[in-house]
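Laboratory data are not the source of any read-out in this text; all were calculated from the coordinates shown. The structure displayed is predicted, hence computed values, not measured ones. We place every Cβ from the backbone using ideal geometry, glycine too, and count neighbours over all the protein chains shown.
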Amino acid sequence: MENNLFDFGMIGLGTMGRNLLLNMADHGFKVIGFDTDPGKAKLLETSATPGTRVKGMNTLAEMVQQLQPPRKIMMLVPAGKPVDDVIRSLLPLVSPGDIIIDGGNSHYTDTLRRVNEVREKGFHFMGIGISGGEHGARTGPSIMPGGDIQAYEQVKPILEAVSAKVNGSACVAHLGKGAAGHYVKMVHNGIEYAIMQLISETYQLLHSGKGLSNDALHKVYKSWNEGELQSYLVEITRDIFMQPDDKTPGRLVDRILDKAGAKGTGKWTSQDSMDLGIPVPVIDIAVSLRDLSAVKEERVQASALYKSATHEIEVPNEVFINQLADALYFSMIVCYAQGLALLYKASSELKMDIPLPEVVRIWRGGCIIRSAMLDLFYKAFTENPKLPNLLLDKQVAGILQARKHHMVSVILHATQTGFPVAALMNSLCYLEAYRSEFLPTNLIQAQRDYFGAHTYQRVDMPGIFHTDWGSYDN
């Protein structure tokens, strides 16, 4: 009977859940899935590769009964209440020692709560981040598990088999205690927000500032993707410019409304970075600019009120494209550095023990933020796993210093011609502040002590001080 049981179960057979199961089946695992929509359960079966063992079910109890103990069950359902609802439905059906996995984009605080609640009932619970979109789920995603190490060892062979591979190395690793998997995925998504914003700013400068056509833009991003800027997000940007519109003549990108959507994970990264006192301004501004894009009607009114038209950037195309490539490379390094600095702090403050070299290693393939520069970061963290910020690595510092003059030139061109490049600006300002031995914060401390008696420290003697400000003759 046992030979007829399935190795892995999935709750939620949307695109991601279905493709991940089919990926497992292609690697020789027997898989079964459940969805309340009978059509999705049927689609799972009809999409399977001939000769693989794949089954779709319409009742949760039947699926659980057909799983090999200890059962391995993943949920891929929307974050929040739906996850709690599924767990509540699942607990009466499973046995002690079974493994329940949340593979969605849950906030790490919810994952921590669920880990404790499920463990008290005798079951294992893991939060796993999965990146790569529907194509990655089918062909090899980057997988970010954390938490219960015993449970991880049980699912490790399956996860390693289906994950992306870079130089034969599986893009999956145990990333720490508690909710570490979902925390790493949250920061991954924050970096994703930032890189997308940076690329969009380069697009506006080239398209509106230099008048490049979609064909010309395609050539620029194609060239960039063949060099040091090689990355998934630059690659898809290259392709977007060639996509025809199926409803009107022309290219689709020109017909898309400039209002961005968001699922909330970028916002969580900003919020949690502030809780831990780690600045991630490129991520912050990327979140804010998505929010700003949403007030389209107000922006239309403001454009008429202020009548401040943008102007052509009067720099030869070849020169400006070269400057912009360096600026984008500079800024991408900075936004990765901010996200990884947040993981460094969270690792100790939240007692997650996140191995940064492994995080960087598994981001090199399968995930949305994969890029050639991650090899550089992997080298930096392998040499110094306790590196608090990538900007302290000598090789990274040399790269940024060599490109800084082009970064400054791009920002000058953009501000003089009326183009908003907040993410590019924040990248430069972050480095300038981070490398500053002195910041004007002494004045802020004086102001705080003046109006609120918040005290201050001195540069010339130890201790905490307060002054009765204003006790002098004006």
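In Å and whole numbers, how far do the C-alpha atoms of region 2-174 stretch along each principal axis, longest first?
41, 38, 30
Please work out whether region 365-471 counts as rounded, prolate or oblate from its C-alpha gyration tensor, where a ≥ b ≥ c are the square roots of the eigenvalues and a/c under 1.5 means rounded, while otherwise a/b larger than b/c means prolate and anything else oblate?
Cα axes put region 365-471 in the oblate bin.
Between Ala433 and Glu62, what length in nm is gained on full extension when 0.36 nm per residue of separation is reduced by their alpha carbon distance?
Using 0.36 nm per residue and subtracting the Cα-Cα distance, I get 127.7 nm.
For Lys247, list the aspartates and glutamates whose Cα falls under 20 Å from its own Cα; do not include residues on the same chain fewer than 8 positions away.
Qualifying aspartates and glutamates at Cα under 20 Å: Asp215, Asp239, Asp258.
Compute the separation of the alpha-carbon centres of region 100-179 and region 260-319 and state it in Å as a whole number.
With region 100-179 and region 260-319 each reduced to a Cα centre, they are spaced 32 Å.
Describe numerically, in nm with one decimal, the distance between label points set 7 Å from Cα along Cα→Cβ at Phe451 and at Val319.
Roughly 4.6 nm, to one decimal.
Looking at the square roots a ≥ b ≥ c of the eigenvalues of the Cα gyration tensor of region 1-82, which shape do they give, rounded for a/c under 1.5, prolate if a/b is larger than b/c, or oblate?
The shape class here is oblate.
Which number comes out as Rg/Rh for region 185-434 once both Rg and the Kirkwood Rh are worked out on C-alpha atoms?
We get a ratio of 0.97 for region 185-434.
Rank-order 17-27, 317-327 by packing density, defined as the average count of other C-beta atoms within 10 Å over each peptide's residues, highest first.
Packing proxy ranking, top to bottom: 17-27, 317-327.
Based solely on its DSSP helices, what 222 nm [θ] is calculated for the chain when runs of n ≥ 4 H residues each add -39,500 (n - 2.57) and the sum is averaged over all residues, nearest 500 deg cm²/dmol?
Taken over the chain, the calculation gives -17000 deg cm²/dmol.
Hey, what angle do you get for helix 281-294 against the long axis of the chain, alpha-carbon based, 0 to 90 degrees rounded to 10?
On a 0 to 90 degree scale, this one is about 80.
What Rg and what Dmax come out for the chain when only alpha-carbon atoms are used, in angstroms?
Expressed in Å, the Cα Rg and Dmax of the chain come to 25.1, 93.
Hey, what did region 2-174 get for relative contact order, percent, Cα under 8 Å, at least 6 apart?
The value is 19 percent.
Return one number: the angle in degrees, 0 to 90 and rounded to the nearest 10, between the long axis of the Cα atoms of helix 394-417 and the longest principal axis of the Cα atoms of the chain.
In the chain, helix 394-417 runs at an angle near 70 degrees to the longest axis.
Highest mean first, what order results for 439-448, 385-394, 359-368 on Cβ atoms within 10 Å?
Result, highest mean first: 359-368, 385-394, 439-448.
Under 1.5 on a/c is rounded, so check that first for region 57-134, then, if it is not, pick prolate when a/b is larger than b/c and oblate when it is not; a ≥ b ≥ c are the square roots of the alpha carbon gyration tensor eigenvalues.
Judged from the Cα gyration tensor, region 57-134 comes out oblate (a/c at least 1.5, b/c at or above a/b).
Could you grab the relative contact order for the chain? Cα pairs under 8 Å, six or more apart, rounded to a whole percent.
Dividing the mean separation by the residue count of the chain yields 13 percent.
To one decimal place, what Kirkwood hydrodynamic radius in Å is obtained for region 241-359 from all pairs of distinct Cα atoms?
With all distinct Cα pairs of region 241-359 included, I get 18.2 Å.
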